[in-house]
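Written out below as structure tokens is the structure these notes cover.
We did not get these values from a lab; they are worked out from the coordinates using the rules stated. Just so it is clear, the model here is predicted, and its values are computed rather than measured. Don't worry about glycine lacking a Cβ; one is built from the backbone with ideal geometry, like all the others, and counts go over all protein chains shown.
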Amino acid sequence: MAATITGHKPSAVFKPIVESHKFSGFTTHLLSTPFSCKTNPNPLKLRTKNRRNWVIGSVTEGKELAPSKTDHSDEAKKPNASKILESSDDDTGGGGDDVKKMSSRAINASIVLGVGTLAVSKLLTIDHDYWHGWTLYEVLRYVPEHNWIAYEQALKANPVIAKMAISGIVYSLGDWIAQCYEGNPLFDFDRTRLFRSGLVGFTLHGSLSHYYYQFCEALFPFDDWWVVPAKVLFDQTVWAAIWNTIYFVVLGFLRFESSDNIFEELKATFWPMLTAGWKLWPFAHLITYGVIPVEQRLLWVDCVELIWVTILSTYSNEKSEARITEDADSSPKE
């Protein structure tokens with residue numbers, strides 16, 4: 001305020017008065033006569049008056065600006081209504097999320113218990129037509145054997161469908177194990193992700209593996225000692241590369257990802273997944289190609305697949321989530 005008053009020049013008031021009388025040619029005379037004193041007051045008084053008027057005007061302007069400051073301070077002290085609404089919305093949304101989680105867990109538990117009960121009942125009641133009068137020992141003794149006989153009959157009747165069903169079940173279980181391994185509670189798994197993995201196992205792995213093992217036998221129709229290592233080497237180079245590629249590409253399309261993202265994920269995971277398989281499958285395939293008959297190989301492989309699908313699913317979803325996180329971080333924020 002002081003700087004504003006100091007910067008004002010009161011002498012400027014006299015200038016228009018002086019210039020307004022220049023046309024008469026007696027400017028100096030007017031300033032020295034009593035008439036000029038009435039027209040142009042005492043410079044000291046005029047300077048004081050104008051300074052006072054300037055101070056009053058400045059204070060008035062300051063008062064016009066002051067309420068905005070006090071309003072801001074008052075608003076800072078008062079609770080913001082929008083923040084209250086946002087906090088209430090968050091509380092409401094949090095409650096809704098809890099309800100959704102509880103309902104999702106209930107659905108998952110119902111699915112697991114329903115499928116498990118159906119499977120156990122099918123396995124235990126295979127001899128229900130003629131096990132009346134059997135002792136508990138006889139039931140436990142003959143039920144596994146008769147289930148194996150039923151499985152062999154299904155393989156002979158329709159081998160592709162039977163193997164597709166086995167692979168679908170194994171890939172679903174493998175993804176469930178992978179989600180639990182990643183830290184999710186037992187009944188808090190992602191149903192969509194589990195369905196995708198089971199669908200890939202059912203539609204592709206079972207059918208392709210059926211024809212692959214037949215092709216492998218035709219490719220190495222020998223009984224020499226080197227046949228088993230040759231089959232293991234072929235399996236862990238050519239077939240492993242083909243199947244890992246199919247698995248990642250199909251899962252990417254089922255997640256509705258673009259072809260560029262799928263290619264980037266495949267390029268990033270191809271070699272690590274192939275080398276990771278070398279730590280598990282060569283030892284398992286010594287049994288696969290050295291002991292297990294051709295028609296039973298997929299069942300043995302699917303038992304080992306419970307471990308492998310856990311690794312596959314974990315790698316695939318880690319890369320997908322990492323890409324989604326990177327896209328979210330790199331996207332422009334409004």
Taking the Cα-to-Cβ direction at Glu145 and at Ile242 and moving 7 Å from each Cα, how far apart do the two end points lie in nm?
4.0 nm
Please report, in debye to the nearest 20, how large the charge dipole of the stretch 158-330 is about its Cα centre when each Lys and Arg carries +1 at its beta carbon and each Asp and Glu carries -1 there.
340 debye
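Order 208-215, 124-131 from most to least packed using the mean count of other Cβ atoms within 10 Å. Display every interim value, and only then the final one.
Details: 208-215: 17.1, 124-131: 12.1.
With the highest mean Cβ count within 10 Å placed first, the list reads 208-215, 124-131.
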For the stretch 158-330, using Cα atoms only, the Rg and Dmax in Å read 16.6, 58
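Taking all pairs of distinct Cα atoms, average 1/r, flip it, and tell me the Kirkwood hydrodynamic radius of the stretch 193-259 in Å to one decimal place.
Values: mean 1/r = 0.0741 Å⁻¹.
About 13.5 Å for the stretch 193-259.
Only counting other Cβ atoms within 10 Å, I'd like Thr135, Thr203 sorted with the fewest neighbours first. Mind dumping the intermediate values first?
On the way: Thr135 9, Thr203 14.
Ascending number of Cβ neighbours within 10 Å: Thr135, Thr203.
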If R0 = 35 Å, then Val291 and Lys122, at their Cβ-Cβ distance, give a FRET efficiency to the nearest 0.05 of 0.80
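Just want the ordering: Ser167, Ser207, Ser110, from fewest to most Cβ atoms lying within 10 Å of their own Cβ. Could you put the intermediate results ahead of the total?
Values: Ser167 28, Ser207 16, Ser110 11.
Exposure proxy ranking, most exposed first: Ser110, Ser207, Ser167.
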